[in-house]
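**Q** Here it is: the structure, laid out below.
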Amino acid sequence: MSTSEGRAAGRGDRARYTQLLDHAGRTTVALRAAPGGAAARPWGSGVLIAPGWVLTCAHVLAASDGRRRETGPDGVFGVTVDGRVVPARLAYDLSRPDPAAGPAAARADLALVHLLDPETDHPCAWLSDQPATLLEDAYIFRGHDASGAVTQGDGDAGTSHRGEHVVREAGGVGDPQDGSCEPEPGGGRGARGRAAHGAPAGPRAPAPPDPFIAVRFGARDARGLQFGSDVRVSPGASGGPLLDCDRGEVVGIVKGRHQQDHVGLAVPVTALRGLGPEHLVAGAEGLGPDPYHALMSLHDRWHWAGQDLGRTAGPTWFDAQHMIMAGRGRLWGVQERLQALDLLARLPAPRDPLVVEAAVGEVLERGERPGAWLLRTWRDGHGALYQGSDPYTELRAFVHYLRIVAQLTADEVRDAPGDEAAAVREQATRLAEFVQAKAVVLQPQDRRRIGPVRRRPRSVLVEFEPLFYDGGGQELFNWSVSEGYGQGQWLRVDVQESAGGVPFEQAREQVLRRLGGRLLRADGDAGPNARVRLEVAVPEGRWDTAAGQWEVAASTRRTARLRPVGPGRAVILRDQGRREQVDPAWLRRWQGLAAARELQALRIPPRPGAGDRSGSAEAIWRLLETAGEGALPALCHTVADGSGRDAVGVALDTGFPAGLWPAHGHGEERDCDAGCEEFHRGVRELLQGSGGVARLPELVRQLRAKAAEAAEEGTHWARDLVLLYDDPEDPIPPLFTDRPQMSPR
């Protein structure tokens, strides 16, 4: 390209970027002495990134000899915003060493300044959510002081003339000859000067110098973003933004310049991910326990609010980005990103940054291999998905990632009480609905691909499905194992399905050979130190199944020892005959138990003796139908057959969702004895101090653990205790069906 062609292209690019450059200029500010003090040269530049918050370099707040700047009372100084000086304070200093991290920990030359006047209205720049590597089309900005003059800083005046903007392919930048960059203070507001419009030469009143300088090449290395310009970077740029015009984003904060040539250095804005509570300056008002998440949430929500159709303000930063990116054929464009990041900003921070890395790895199909950049928040994960793919693949990646985030967030607060958890569930639902709307353009196989993503299970369900009797009268079964996520959502993970089936004992042995590893994997997915619940669904006639005494592998070793499952995790029994069709009596009984102030044991008598009608079938029906809301059936006799089996069937038919009995209760051939009285006394004590039906699975687990260790006298009756616990709000799934494995809810 000839020089004239390059200059013409540069002028065309500037016209296309006019709106973007104007927004960047209006968000660039100057840091200076406190308002009302003696006039002084501004210290340096900064950029407004969230309501009330300015990002700058930490060294801007130090004088040329390294000492802290002289400020007003309580460390107050001034920030020039829209031509007026407002009070501000240093809040976070990322260049301070963290004592807990050790002397070798990386420190960023960044600082956050808090505007003290909450009524200060100002625009905000857009900070990139992805790392910058090569710069082909960029500008750096310097600020203006209150008089409108471009900040020159404490150093020499420097040149103010800007060379032609020539687009070049970025290449590597060599080290400065002296091996260092010169940190320099400077500041001011970056509104475009007349020089930017190409005003005719000749005698005229002094004009403010151009507030931005074109960057003609740039690249990232271990020290940060190095860049070169056609002219020497003048003092006053330190702390100001480095704007990538191709993406319409601030990607760096100018740190310094080489003393001899036109090379400068910027701190990538992704270094802000290192912000933590340890960087809070003493006495400053902070952003809470996770300041980085809070700050970027303020940033993203402010930009989304700026797109309100009822606003009276002018074009926004994103209007400028639309202008730049028009015609690029992106399916995940500026509007999609803007709304997605607003929705992510309304969610709590991820419980562990590794969760973000895992979600990105799943979407990009890179397994457990870590990414090149630190990811701390859902926003960071979003930025890691820009891989230069074709528009369709890029859209699919973002939709898949947001689906994972929505499910992970909902799982975190799935069973949590209170308004705060309910609000999080609502926001997760909004994100899921957004994902569903964007997924409609995907091909059917891709919509299925992003469906059953990895989630946090709450339980593992083993279900035995009766088939028929063989020639010898033996009942045969198929079985399945599913992971449960609450509210009737299940994912089948193992199944034994055959036309003939196998006897129950054989089916149980097949399950136990695989169950230990399955439970351990579910524990790992559920989170640190988690123990998911084991749920066992059996048909009538198998209600005496002592699942709490099942022994499963204690580890994934081939020769792992076997341990009983009941003492270490909650184990409950479910009725295999209850499915998704929730009987009104079942739901009503459950709601009554949940609302009851105290649970009461409802003793079910065995079959009646001579002249005794208390255990007759009709009497048991009346007893169960008229029981109070807090009543919970308790049986000391066997439920495998006879009157005990009938009594459990009546309890289920009358809607009871829970009950207690020993797996090896006495038969009808003998009457109740002292052991039965001990059992019923123990059940009464258990229910009286339970605190509600929801706590029963864990309380029974604790009883089993004490009984197994003989830790307390009088607990041996609980060794084979069976807890029927059938939550109608979380019904078991159909076992054999052609429907999708998981509810799309």
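The values are calculated or read from the model by the stated rules, or taken from the named source; none is laboratory data. Only a predicted model underlies this, so the values are computations on that prediction, with no experimental measurement involved. Backbone-built Cβ (ideal geometry, glycine too); neighbour counts: all protein chains shown. Just the protein is used for accessible areas: all its heavy atoms, side chains included, with ligands, DNA and RNA removed. Shrake-Rupley method; radii C 1.70, N 1.55, O 1.52, S 1.80 Å.
**Q** Starting from residues that are of a type in the set (A, V, I, L, M, F, W, C) and modelled with pLDDT under 65, keep the ones in segment 703-745 and report whichever is farthest from GLY541 (Cα to Cα). Walk me through it before giving the result.
**A** Step one: filter segment 703-745 for residues of a type in the set (A, V, I, L, M, F, W, C), giving 703, 705, 707-708, 710-711, 717-718, 721-724, 732, 735-736, 742.
Remaining after also requiring modelled with pLDDT under 65: 711, 735-736, 742.
On the way: ALA711: 33, LEU735: 19, PHE736: 21, MET742: 29 Å.
Ranking the qualifying residues of segment 703-745, first place goes to ALA711.
**Q** Of the conditions (1) open to solvent by 70 Å² or more (accessible area, probe 1.4 Å); (2) farther than 28 Å from GLY517 by Cα, LEU593 clears all except one; give me its number.
**A** (1)
**Q** Something else: Quick check, is CYS672 in contact with a Pro (Cβ under 8 Å, 6 or more places away or on another chain), hydrophobic (A, V, I, L, M, F, W, C) and crowded, with 20+ Cβ neighbours inside 10 Å? Can you show your working first?
**A** Details: in contact with a Pro (Cβ under 8 Å, 6 or more places away or on another chain): yes; hydrophobic (A, V, I, L, M, F, W, C): yes; crowded, with 20+ Cβ neighbours inside 10 Å: no.
It is false that CYS672 is in contact with a Pro (Cβ under 8 Å, 6 or more places away or on another chain), hydrophobic (A, V, I, L, M, F, W, C) and crowded, with 20+ Cβ neighbours inside 10 Å.
**Q** What is the residue count in segment 377-419 for residues that are buried (at least 20 other Cβ atoms within 10 Å of the Cβ) and among the aromatic types (Phe, Trp, Tyr)?
**A** Number satisfying all stated conditions: 3.
**Q** Okay, next question. Got at least one residue in segment 613-625 being within 21 Å of ILE572 (Cβ to Cβ) and polar (S, T, N, Q)?
**A** Narrowing segment 613-625 to residues within 21 Å of ILE572 (Cβ to Cβ): 624.
Checking the rest, the ones that are also polar (S, T, N, Q) come to none.
No - not one qualifying residue is present in segment 613-625.
**Q** Could you please let me know if PHE464 is part of a strand (DSSP E or B) and not basic (Lys, Arg)? If you could, list the steps in order and put the result at the bottom.
**A** Working: part of a strand (DSSP E or B): yes; not basic (Lys, Arg): yes.
The answer is yes for PHE464.
**Q** So ARG603 ticks every box in (1) within 18 Å of ASP646 (Cβ to Cβ); (2) at pLDDT below 90; (3) open to solvent by 70 Å² or more (accessible area, probe 1.4 Å) but one. Which box is left unticked?
**A** (2)
**Q** Taking into account only those residues within segment 495-529 that are assigned to a loop (DSSP other than H, G, I, E, B) and touching a residue at least 24 places away in the same chain (Cβ under 8 Å), which is most open to solvent (accessible area, probe 1.4 Å)? Write out each step before concluding.
**A** Step one: list which residues in segment 495-529 are assigned to a loop (DSSP other than H, G, I, E, B), which gives 497-501, 527-529.
Among the residues that remain, those that are also touching a residue at least 24 places away in the same chain (Cβ under 8 Å) are: 497, 500-501, 527.
Numbers: GLU497: 111, GLY500: 34, GLY501: 21, GLY527: 10 Å².
Per the criteria, the residue is GLU497.
**Q** ALA422 versus (1) closer than 30 Å to ALA694 by Cβ; (2) open to solvent by less than 60 Å² (accessible area, probe 1.4 Å); (3) touching an Asp or Glu at 6+ places or on another chain (Cβ under 8 Å): which is the lone unmet condition?
**A** (3)
**Q** Among the residues of segment 527-559, which ones are of a type in the set (S, T, N, Q) and farther than 21 Å from ARG695 by Cα?
**A** The initial filter retains those residues of segment 527-559 that are of a type in the set (S, T, N, Q), namely 529, 545, 549, 555-556, 559.
Correct list: THR545, SER555, THR556, THR559.
**Q** Could you check segment 637-650 and list, in sequence order, the residues that are open to solvent by 10 Å² or more (accessible area, probe 1.4 Å) and either assigned to a helix (DSSP H, G or I) or under 26 Å from ALA594 (Cα atoms) (or both)?
**A** Listed by number, the residues that qualify are GLY642, SER643, ARG645, ASP646, GLY649, VAL650.
**Q** For LEU298, work out the one condition from (1) more than 27 Å from THR409 (Cβ to Cβ); (2) modelled with pLDDT of 95 or more it doesn't fulfil.
**A** (1)
**Q** Determine which single condition LEU374 fails, assuming it passes every other condition in (1) open to solvent by 70 Å² or more (accessible area, probe 1.4 Å); (2) outside any loop (DSSP other than H, G, I, E, B).
**A** Going through the list (1) open to solvent by 70 Å² or more (accessible area, probe 1.4 Å); (2) outside any loop (DSSP other than H, G, I, E, B), LEU374 breaks only (2).
**Q** Among the numbered conditions (1) open to solvent by 10 Å² or more (accessible area, probe 1.4 Å); (2) at pLDDT 95 or above, tell me where PHE656 comes up short.
**A** (1)
**Q** Can you name every residue in segment 332-369 that is open to solvent by 20 Å² or more (accessible area, probe 1.4 Å), closer than 16 Å to GLY383 by Cα and touching a Gly at 6+ places or on another chain (Cβ under 7 Å)?
**A** If the condition is that a residue be open to solvent by 20 Å² or more (accessible area, probe 1.4 Å), closer than 16 Å to GLY383 by Cα and touching a Gly at 6+ places or on another chain (Cβ under 7 Å), then GLU357 is the only one that fits.
**Q** Is it the case that ASP74 is open to solvent by 50 Å² or more (accessible area, probe 1.4 Å), farther than 30 Å from HIS382 by Cα and modelled with pLDDT of 60 or more? Walk me through it before giving the result.
**A** On the way: open to solvent by 50 Å² or more (accessible area, probe 1.4 Å): yes; farther than 30 Å from HIS382 by Cα: yes; modelled with pLDDT of 60 or more: yes.
Yes.
**Q** In segment 279-306, which residues are more than 21 Å from the chain's Cα centre (by Cα) and buried (at least 16 other Cβ atoms within 10 Å of the Cβ)?
**A** Of segment 279-306, the ones more than 21 Å from the chain's Cα centre (by Cα) are 279-286, 305-306.
Correct list: HIS279, LEU280, VAL281, ALA284, GLY306.
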